[in-house]
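Single-structure report; data block below.
Please treat every number below as a calculation from the coordinates, not as lab data. These numbers were taken from a predicted model, which means no experiment stands behind them. Here the Cβ positions follow ideal geometry from the backbone for every residue, glycine too, while neighbour counts run over all protein chains shown.
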Amino acid sequence: MLVRHGESEWNAAGILQGHGGPGLTARGRAQATATARALARFHAGATAIVRSDLVRVAETAAATEEILPALPVRIDERLRELDVGAWTGRSRTEVATTDADTFSAWARGEDVAAGGGETFAALRARVVAALDDVVARARRDATDRIATVLVFTHGGPIRVAVAAGLGLPAGGHRGLESVGNCAVSLLDAPTAAALARGMALLAAYNRTGHLLWGTPG
């Protein structure tokens, strides 16, 4: 179960975050609470929480960790957002002016290193490796039943994970809708290495209906 973080301060301000940025807005905290209630209601049998270490994800996951305190929590830096290097903390408008050639290529879908940071190919490789480890551990820890792991991460990692799981080629994430704050997606991976081999089943993508339960208008 892939969950994007709630609205962050830099989301609201239109600022590129990458590996930086502050925590959630009041709206983001309300989204996290609504998501936690939905996960507790429909996925109370989950076996673990795995999350990115960045503050906006940590604050989002905290609501679920509080409502499902028995779940073990693991932190994996490989679940971080795309590293946008020198673009971190800057608006798209600013970057489009000061680093026009690279930003234009990036906006066109060319897989250049954003701000000198990271390519989407590199992001996909590390995220797939992290999620394959999640599947392998889940299968080992829950051999007698289907295991559901709650993975709190970012929009970029969710898109590349889904693209990999569906067997889409490099850059295939560009054909997927952007992931909303606290949206939930579900990938059914039958084996370890299933994502890398394009063997996963996409059971849900970018679902946000649960946010109607408790977020401000």
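If the condition is being touching a residue at least 12 places away in the same chain (Cβ under 8 Å), under 19 Å from residue 146 (Cβ atoms) and over 16 Å from the mean Cα position of the chain (by Cα), then segment 189-202 contributes 189, 191, 192, 193, 194, 199, 200, 201. Out of curiosity, is residue 94 closer than 20 Å to residue 210 by Cα, without any contact (Cβ under 8 Å) to a residue 24 or more places away in the chain and part of a helix (DSSP H, G or I)? For residue 94, the condition - closer than 20 Å to residue 210 by Cα, without any contact (Cβ under 8 Å) to a residue 24 or more places away in the chain and part of a helix (DSSP H, G or I) - is not met. On the basis of being out of contact with any helix residue (DSSP H, G or I) (no Cβ under 7 Å at 6 or more places or on another chain) and crowded, with 21+ Cβ neighbours inside 10 Å, does residue 146 make the cut? Here the answer is no, as residue 146 does not meet what is asked. Residues of segment 123-142 include at least one that is part of a helix (DSSP H, G or I), touching an Asp or Glu at 6+ places or on another chain (Cβ under 6 Å) and within 18 Å of residue 50 (Cβ to Cβ). Going through (1) closer than 29 Å to residue 85 by Cα; (2) loosely packed, with under 15 Cβ neighbours inside 10 Å; (3) in contact (Cβ under 8 Å) with a residue 60 or more places away in the chain one by one, residue 177 falls short only on (3). Here residue 45 qualifies as under 16 Å from residue 149 (Cβ atoms) and more than 16 Å from the chain's Cα centre (by Cα).
For segment 1-27, the candidate set comprises residues that are over 26 Å from residue 107 (Cβ atoms) and among the aliphatic types (A, V, I, L, M); within that set, the residue that is surrounded by the fewest Cβ atoms within 10 Å (Cβ to Cβ) is 26. Only residues that are surrounded by fewer than 21 Cβ atoms within 10 Å (Cβ to Cβ) and either out of contact with any Gly (no Cβ under 9 Å at 6 or more places or on another chain) or free of Cβ contacts under 8 Å to residues at least 60 places away in the same chain (or both) were counted across segment 28-52, and they come to 10.
When segment 119-152 is filtered for residues that are without any contact (Cβ under 8 Å) to a residue 60 or more places away in the chain and of a type in the set (Asp, Glu), the ones remaining, listed by number, are 133, 144.
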